[in-house]
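> Sharing a structure below in structure tokens format, with a few things to ask.
No lab work stands behind these numbers, since they all come straight from the coordinates. Quick caveat, the model's predicted, so the values are computed rather than measured. Heads up, the Cβs are rebuilt from the backbone with ideal geometry, glycines too, and the neighbour counts pull from every protein chain shown.
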Amino acid sequence: MDRPLGNGRKNPGESAALQHYRTEFNTLCIRHASLRKQLLEAEEKTAELNDQHSRKITSLQQDFEQQKMMLMARIKQLSKTVDEYRLKAGENLSLKEQVRIMSEEIYQKHMPNSASLSQALLREQIKVRSLEMDHQLALKNLQDNISELQRTNEGKDFEIKQLTDENKSLSRRCAEAEERLQTIKRTAKARERDLEEKLVHLQVCWDATKEELKENLIEKDRQIQRLTKTVNTFDVDSAKLKDWENSRKEMEMKAKRNRAALRTEFNTLRGSLHTHVLLHVEVRLLSRNKVVTRLLNLRQEVRLFFQQQIIPSSMISCPTMIG
């Protein structure tokens, strides 16, 4: 994907597109993992709440049964105590009646001993009163115990009602948690389907991009091969240019040496030519002087000739005639 082109640069368009797809794919994977983790946490939390709810309900039921058994045992015990007090009260009543009957019999049989009988009767009456007081005290204690048991039962009923309400609240909360869990599961399934569709789309895009990248890589390889051939040609041409440069430098050195030799020869020739020209000019001047001298002599002779022939002097002085 990050393979450089022939000129050493990366293709930013392809790299950005693939980076975008990869980033989106990683984001979707992270979201999928997060949703799956939330789903697992919700399931664990629901299982934990259900377990706690079950344990609490079991504990409340056990406490309720235990309290119920204790109350039943206490009620049985109090009922037994009441029955005992009732039996004692019945025995006391029968004993009182027996004492009365016995007193009457004793009074009738033992009339002479009335004083002793009166004392015995008084003692029996005191015993009966003592038994009656004990019976009343036992009845009062029994009533107090019954009232206390009623208050305890009312408290237990209130606790049972509270526990029942709490159980209903826990059941309602468990139902709400179950509903939320089902909602989370449905949402997770919908997101999972969406993620699967996106993954399929990304896979298709990735396959298409991969094929396009393969074609681009093949084309880049061809460009690299062409550039390699061009570089090799440039290397050959540069070697030839180096040879040509070396040849040119050698030719320039030879030209410089030839130029120096030619300059020296030219200077020599120029000196020789100057000397020759001077000599030639001098010779020409000398020859011209001779010619001029001869012409002057010839002119003089012509002048003399024309003077002798009586020619006007104006014609004689004409330069054309002289030339």
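> How far apart, in nanometres, would the label points at THR58 and ASP237 be if each is projected 7 angstrom from Cα along the Cα-to-Cβ direction?
Taking the two extended label points, one gets 9.2 nm.
> So, R0 is 35 Å and r is the distance between the beta-carbons of GLN77 and LYS161; what FRET efficiency does that work out to, to 0.05?
0.85
> Still on this model: What pairs in LYS37/LYS198; LYS189/LYS210; LYS76/LYS168 have C-alpha atoms more than 27 Å from each other?
LYS189/LYS210; LYS76/LYS168
> Another question, if that's okay. Note the full-extension length gain between HIS20 and LYS256 as 0.36 nm times their separation in residues minus their Cα-Cα distance, in nm to one decimal.
78.2 nm
> How high is the FRET efficiency from GLN182 to ILE218, r the C-beta distance, R0 51 Å, rounded to 0.05?
For R0 = 51 Å, the calculated efficiency reads 0.45.
> Next up: Set the Förster radius R0 to 51 Å, insert the Cβ-Cβ distance between SER147 and GLU48 as r into 1/(1 + (r/R0)^6), and round the FRET efficiency to 0.05.
Rounded to the nearest 0.05, the efficiency is 0.70.
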